[in-house]
Amino acid sequence: MRIVIKGTVQGVGFRPAVYRTAVSLGLFGRVWNDGSDVIIDINNGEDFLKEFEKNIPPLANIESVEKIEYRLNDDIKDFSIIPSQKNSNGISIPTDTSICASCLSDIKSKGRRGNYAFTSCTDCGPRFTLLSGLPYDRDLTSMKQFPICQKCGMEFKDPKDRRFHHQTICCPECGPSYYLIDKEGKKIEGDPIVTFSRMLEKGRIGVAKSWGGMHICCTLDNICHMREWYRREQKPFAIMVKDIETVKKYGSPTKEEIEQLTSPHKPIVLIEKKESELTELISPGLNNIGIFLPYTGMQHILFDCLKNDALIMTSANIPGEPMILDDEAVMELGADMYLLHTQSILNRADDSVMKMFEDNTYFIRKSRGHIPSYLTTKYKGSAVAVGAQENLAGAIAKNGRIYPTQHIGNAEGIGVVEYLEKAIRFQMSLVDCRPQAIAMDLHPYYINRKFAKKLANEYDSQLIEVQHHWAHAASLIAENNLDDVVALTLDGTGHGNDGNAWGGEVLSADLTSYKRLAHLEYIPLLGSEKALYDLKRLKFAVDSMNGTENTEFNDRDAAVLNKLMNTSVKCSSMGRLLDTLSYTLGVCTHRTYDGEPAMKLETLLNNGKLIPGFETETINGVIKTTNLFSRITPNMKPADVAYSVVYNVMKELTRNAIDYADSKGIDNIGITGGVSYNIPICKMFKELTSGSGHGYIFHNNVPNGDGGISTGQIAIALKMIE
């Protein structure tokens with residue numbers, strides 16, 4: 001029999017597991033990687049498969065098994081692993097996976113890998129971030145520069161060893177190593193990790209190279225200095241803590257959050273924080289804290305050396321630019337010391353960031369530990385999508401699979417579009433994608449459109465413009481294998497087909513078209529981009545529309561703003577409505593990072609209750625919102641005002657969705673866009689749709705925000721190709 005196995009079957013010890021199973025049964029034949037598949041020729045396939053079910057490696061994920069009648073050559077009298085073939089029909093390697101218990105035990109032992117930070121095996125370690133191509137063999141990883149020593153070679157050849165055929169096998173004698181330098185680039189003597197830990201404890205700010213990138217880190221008692229040095233006044237920092245018990249010291253994780261924190265992926269998870277002066281410094285004004293556990297050997301060794309149980313750990317980059325990979329370029333950050341290593345990082349991968357809504361996983365940033373991954377689709381064409389502008393990610397499709405890239409960043413940043421192009425082209429090379437269509441956002445000034453046009457010319461592909469919120473709705477459709485949906489697409493802003501900025505929409509959509517059913521009332525963005533940061537401009541616009549006196553500007557500035565009322569871009573955004581409410585209630589007066597006013601408002605929404613007087617209505621498809629602000633009085637509790645305004649707006653958005661779904665026989669109503677990261681809003685949506693007779697659809701795999709736009713774009717492109 002010839003057996004063809006598809007799925008995550010490379011870099012997981014799959015061929016060694018096949019070998020051990022076949023030999024234990026006294027069977028003969030051969031096994032090899034053929035591009036993304038594993039192929040087994042064997043003299044008794046049925047007996048083999050029954051036994052192999054018990055021995056599937058923990059990181060493997062079998063998607064399909066094809067059995068083909070096949071006659072072995074008569075001269076094959078044993079079982080062997082033969083060299084890989086280089087076909088490209090899919091990505092079959094696992095994500096970078098945190099160090100396993102066995103390797104951690106090796107590190108903590110007095111054996112030859114004691115305190116060796118690069119210890120890994122077929123069950124753990126970096127994969128994607130070290131990869132230059134497929135098949136997954138050492139010569140196509142950054143370990144190519146480190147020849148295997150005799151002792152590692154013996155393990156590599158021993159079928160009973162868990163490092164049998166482990167492609168990145170190494171030890172202190174033959175593998176990469178850490179070194180420590182100061183801000184001048186001079187080597188600091190002593191054990192690099194131990195010395196680094198001592199310098200952190202003395203109040204220094206350091207950079208530590210890891211898998212897929214580098215972290216800026218410091219102890220928690222050095223946060224104020226860190227904020228001043230890194231020019232990050234309010235934006236929350238993620239913290240890495242020693243163990244799961246320490247997680248509970250700083251936050252109150254749910255069962256589902258603990259499962260994510262302790263999973264092999266080790267993402268940053270946003271959990272409810274325990275209120276204290278320290279946690280407020282970590283995430284000012286927020287009700288949650290981003291927290292994650294060590295996932296590399298170095299990080300475990302570091303915590304063993306430290307007296308501290310937690311560290312600030314944030315991506316090492318100049319604000320707005322991609323995370324730095326180069327050991328020399330990172331010196332530009334001006335940290336006190338740099339813990340670097342000699343292993344090259346070939347593919348960037350920021351830490352993944354998520355929050356949980358019940359049992360749904362909301363990816364804010366999908367990257368290390370979760371890429372590469374794919375969605376299956378019934379459309380078999382080849383396409384590329386370049387995403388939106390902020391929280392950018394691309395996507396590639398071939399043979400019924402959609403592969404998102406890792407998180408890229410915000411396209412306005414220096415080097416970000418170049419990083420997007422590199423990530424897309426690398427994934428195209430892995431699956432041999434020659435795109436028939438290239439999809440991009442409708443916004444005429446998005447920077448990544450230039451790359452989309454270049455790619456379309458290069459491959460003579462169809463170039464497709466996709467409206468931003470249609471792409472959000474399409475991402476829900478693709479993720480949940482739907483034909484259509486009525487979706488609340490709620491975010492900051494996206495270019496509408498009427499030239500205005502959308503973001504508070506009720507859309508009926510499939511993958512061929514969409515219809516705008518209702519939207520929030522337009523508010524002018526006075527001064528365009530300035531209104532996104534200077535929030536009192538939003539309040540001035542709302543007051544002007546209500547005929548309410550606004551005393552926040554002097555007469556001259558007010559006269560200028562009044563002239564802008566009729567000429568500025570108009571916005572129907574739920575995100576901007578939340579920003580205006582946040583400012584009005586004194587929660588956030590100036591935006592210093594993306595989403596700050598709405599994120600800080602979430603604390604009020606969690607604590608508010610519904611009070612009368614904030615009901616609204618839809619007139620000619622427009623949901624009235626500005627008059628709600630004229631009903632706020634000083635004696636009202638801010639939390640109750642916040643909850644009541646948002647609840648009534650959500651009630652009207654949802655009512656429009658349900659009424660249309662009823663009239664057209666559409667089964668599912670969904671919520672998507674950056675605003676859907678807001679848990680109180682999701683609870684409102686679920687409550688308001690329950691009992692309507694329609695399924696309520698949330699994200700669980702594709703990012704809710706603009707990181708999921710490329711998935712929606714590519715689903716639409718694939719349908720158009722068909």
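The values are calculated or read from the model by the stated rules, or taken from the named source; none is laboratory data. No experiment lies behind these values; they were computed from the predicted model shown. Positions of Cβ are backbone-derived with ideal geometry, glycine not excepted, and every protein chain shown enters the neighbour counts.
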Filtered residue count, region 87-106, keeping only those that are among the charged types (D, E, K, R) and either more than 21 Å from Gln406 (Cα to Cα) or exposed (fewer than 14 other Cβ atoms within 10 Å of the Cβ) (or both): 1
Qualifying positions in region 273-331 - in contact with a Pro (Cβ under 9 Å, 6 or more places away or on another chain), over 23 Å from Pro192 (Cβ atoms) and aliphatic (A, V, I, L, M): Ile282, Leu286, Ile289, Ile291
Of all residues making up region 499-534, the number that are at pLDDT below 95 and either out of contact with any helix residue (DSSP H, G or I) (no Cβ under 7 Å at 6 or more places or on another chain) or surrounded by fewer than 24 Cβ atoms within 10 Å (Cβ to Cβ) (or both): 8
Pair list, Cβ under 7 Å, 6 or more apart: region 138-155 residue closer than 17 Å to Val12 by Cα, other residue of a type in the set (D, E, K, R): Arg138/Lys144; Glu155/Asp161; Glu155/Arg163
Top-ranked residue of region 275-312 - restricted to ones that are assigned to a loop (DSSP other than H, G, I, E, B) and in contact with a Ser or Thr (Cβ under 6 Å, 6 or more places away or on another chain), ranked as surrounded by the most Cβ atoms within 10 Å (Cβ to Cβ): Tyr295
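For every residue, the table says whether it meets (1) among the small types (Gly, Ala, Ser); (2) in contact with a Lys or Arg (Cβ under 7 Å, 6 or more places away or on another chain); (3) not in a loop (DSSP other than H, G, I, E, B).
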| residue | (1), (2), (3) |
| --- | --- |
| Lys50 | no, no, yes |
| Asn73 | no, no, no |
| Lys77 | no, no, no |
| Gly90 | yes, yes, no |
| Ser105 | yes, no, yes |
| Thr122 | no, yes, no |
| Met143 | no, no, yes |
| Ile148 | no, no, no |
Region 319-348, residues that are among the aliphatic types (A, V, I, L, M), more than 28 Å from Glu602 (Cβ to Cβ) and touching a residue at least 60 places away in the same chain (Cβ under 8 Å): Ile324, Leu325, Val330, Met331, Leu333, Ala335, Met337, Leu339, Leu340, Ile345, Leu346
Matching residues in region 326-367 - criterion: being in a loop (DSSP other than H, G, I, E, B), surrounded by fewer than 20 Cβ atoms within 10 Å (Cβ to Cβ) and either touching a Leu at 6+ places or on another chain (Cβ under 9 Å) or among the charged types (D, E, K, R) (or both): Asp326, Asp327, Glu328, Asp336, Ser344, Leu346, Glu358, Asp359
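For region 429-461, give me the residue count where each residue is part of a helix (DSSP H, G or I), among the aliphatic types (A, V, I, L, M) and modelled with pLDDT of 95 or more. Walk me through it before giving the result.
Just the residues of region 429-461 that are part of a helix (DSSP H, G or I), to begin with: 429-431, 449-459.
Still in the running and among the aliphatic types (A, V, I, L, M): 430-431, 452, 455-456.
Retained after the next criterion (residues that are modelled with pLDDT of 95 or more): 452, 455-456.
The total comes to 3.
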Scan of region 479-492 for residues that are crowded, with 22+ Cβ neighbours inside 10 Å and either under 21 Å from Glu722 (Cβ atoms) or not small (Gly, Ala, Ser) (or both), ordered by number: Glu479, Val485, Val486, Leu488, Thr489, Leu490, Asp491
Any pair with Cβ under 6 angstrom, 6 or more apart, that starts in region 660-687 at a residue that is without any contact (Cβ under 8 Å) to a residue 40 or more places away in the chain and ends at one that is in a helix (DSSP H, G or I): Met684/Tyr647; Met684/Met650
Qualifying positions in region 407-426 - free of Cβ contacts under 8 Å to residues at least 60 places away in the same chain, crowded, with 21+ Cβ neighbours inside 10 Å, out of contact with any Gly (no Cβ under 6 Å at 6 or more places or on another chain) and more than 22 Å from Gly503 (Cα to Cα): Val417
Scope region 680-722; condition surrounded by fewer than 24 Cβ atoms within 10 Å (Cβ to Cβ) and among the acidic types (Asp, Glu); matching residues: Glu687, Glu722
Enumeration of residues in region 71-86 that are surrounded by 15 or more Cβ atoms within 10 Å (Cβ to Cβ) and either free of Cβ contacts under 8 Å to residues at least 40 places away in the same chain or among the hydroxyl-bearing types (Ser, Thr, Tyr) (or both): Ser84
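Confirm whether Ser382 is at pLDDT 95 or above, more than 16 Å from the chain's Cα centre (by Cα), among the polar types (S, T, N, Q) and farther than 22 Å from Ile671 by Cα.
Spelling it out, Ser382 is indeed at pLDDT 95 or above, more than 16 Å from the chain's Cα centre (by Cα), among the polar types (S, T, N, Q) and farther than 22 Å from Ile671 by Cα.
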Residue that is nearest to Ile3 (Cα to Cα) [pool: residues in region 59-71 that are in a strand (DSSP E or B) and not acidic (Asp, Glu)]: Lys67
Selection count where residues are farther than 23 Å from Gly707 by Cβ and either in a helix (DSSP H, G or I) or in contact with a Cys (Cβ under 6 Å, 6 or more places away or on another chain) (or both), scope region 654-694: 15
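Each row is one residue, and each column tells you yes or no for (1) more than 15 Å from Trp502 (Cβ to Cβ); (2) assigned to a loop (DSSP other than H, G, I, E, B).
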site: Met545; (1), (2): yes, no
site: Glu549; (1), (2): yes, yes
site: Glu552; (1), (2): yes, yes
site: Arg556; (1), (2): yes, no
site: Ala559; (1), (2): yes, no
site: Thr567; (1), (2): yes, yes
site: Arg576; (1), (2): no, no
site: Leu581; (1), (2): yes, no
Residue in region 187-207 that is more than 31 Å from the chain's Cα centre (by Cα) and assigned to a strand (DSSP E or B) present: yes
Some residue of region 612-624 being surrounded by fewer than 20 Cβ atoms within 10 Å (Cβ to Cβ), within 19 Å of Val675 (Cα to Cα), modelled with pLDDT of 95 or more and basic (Lys, Arg): yes
Hits in region 1-48 (condition: more than 26 Å from Gly133 (Cα to Cα), touching a helix residue (DSSP H, G or I) at 6+ places or on another chain (Cβ under 8 Å), outside any helix (DSSP H, G or I) and of a type outside the set (Gly, Ala, Ser)): Met1, Leu25, Leu27, Phe28, Ile42
